[in-house]
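Beneath this line is the structure, given in structure tokens, with notes to follow.
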Amino acid sequence: MAANQEFFTEIINNIDDIFGQSQPVSLQANPIFKTEQGKYLADSLADPLIKALTEIANKRPKDPVAYLTNYLQQFMGQRKPITEAIVHSGSSKTSTISTARANSNSKLTSSRFGKNRADIIELDAGSLAEEQDDDDEDSALAVQHLEERDEHGQSMLHFACARSHRRGALYTLIEESRIDITYRDELYRTARDVALQANQPTNATEIDRYVFAQVVLGDVEPLEQLALQGYDHILDVEDESGKSVIDVATERQHEALVAFLNSLRTLEETREELHQMIRDKNMERLKELTAVPNAKWFIRTKNYYGRTALHIAVLKESEEMVQHLVDLCPEALKVTDNLERTVLHYALGTNFCESVSRILIQNGAKRTAKDLKGRQPSYYFINKADILRLQEEEEETR
């Protein structure tokens with residue numbers, strides 16, 4: 001702790017030397033970068049941050065935070081794709097892979113959230129190639145989700161929602177970053193939930209305003225995606241004049257969207273009934289509920305815990321139900337929970353994993369998929385505690 005304090009004191013004392021120069025300087029030449037911590041910062045974050053802060057100091061923009069955000073976004077867009085990602089803590093031993101896209105992101109995350117130990121996530125080149133051959137878009141989306149959140153499931157929006165901001169700032173953040181408002185952390189909280197728990201109702205209103213903006217546009221897909229992800233504040237939000245999303249969609253004559261919103265409550269109730277039938281192991285009723293044209297929607301959609309019907313069937317260790325759901329909707333194998341765990345992560349963490357895991361793997365479940373902690377499904381075969389806890393949660397939900 002004393003070493004950390006000394007290091008950051010040195011940064012403060014050298015602040016003019018670092019940010020007071022308009023011409024490019026050698027990072028390693030500065031005394032603060034000669035310590036081990038300094039070398040880590042120089043290799044991972046110093047280049048973009050110092051350049052950005054130097055420009056801000058010289059140009060003095062009206063909104064320095066927005067300027068910094070735009071600069072870093074441009075920097076991120078110029079980096080190379082991930083080949084390897086190493087997530088460091090503040091331990092004395094660190095390694096650097098300067099060409100890795102997630103290197104600076106993961107280091108920034110670890111320093112921001114105070115991780116107590118070093119976790120190494122090795123993205124095997126062969127595994128990445130295999131996943132990309134199967135589905136490049138899904139692989140890219142999975143990587144994006146890993147980059148946007150910390151290991152506890154919280155995104156930058158979760159942290160932003162815990163503090164007050166000027167009017168419109170949070171809405172702008174969501175618009176520009178395209179962050180997913182449906183992300184749930186390990187306590188199953190969305191960013192909106194965090195805002196209300198932190199006594200910041202204005203932040204929750206800003207998120208609702210973003211939902212309304214999607215309704216005004218009239219496109220069904222964004223709202224359907226919110227519903228698929230188990231987002232639970234679509235129909236209950238109102239604008240400043242007290243109008244609901246259905247009222248706004250009706251006024252603007254978005255007929256397809258109105259039809260979807262009118263059916264959403266029934267869809268959610270059917271989803272919850274399906275999940276309950278799986279918990280009760282009522283196979284007959286399960287088949288009735290899935291004998292409909294939109295059965296895939298019910299199987300893929302998440303509940304308020306971030307779990308799908310297939311996740312629950314795996315936790316209940318029902319081989320028959322798992323086989324039935326996979327046959328109807330193999331796409332559900334790729335859907336992850338609130339911490340990016342697939343159904344195969346769940347299966348290998350149960351006490352009777354062999355038969356269910358075989359079904360999943362034979363139908364295309366990826367053994368190389370990683371959750372937010374960088375763990376592949378095989379990790380849970382040895383360390384079952386997390387999955388067994390989820391089984392207990394499902395028992396309590398009955």
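Taken together, the values in this text are just the output of simple stated rules run on the coordinates, not laboratory data. Quantities reported herein were computed from a predicted structural model and do not represent experimental measurements. Heads up, the Cβs are rebuilt from the backbone with ideal geometry, glycines too, and the neighbour counts pull from every protein chain shown.
General observations
- So Leu339, is it within 21 Å of Leu226 (Cβ to Cβ) and in contact (Cβ under 8 Å) with a residue 40 or more places away in the chain: yes
- Thr266 vs. criteria β-branched (Val, Ile, Thr), surrounded by fewer than 18 Cβ atoms within 10 Å (Cβ to Cβ) and within 21 Å of Phe298 (Cβ to Cβ): yes
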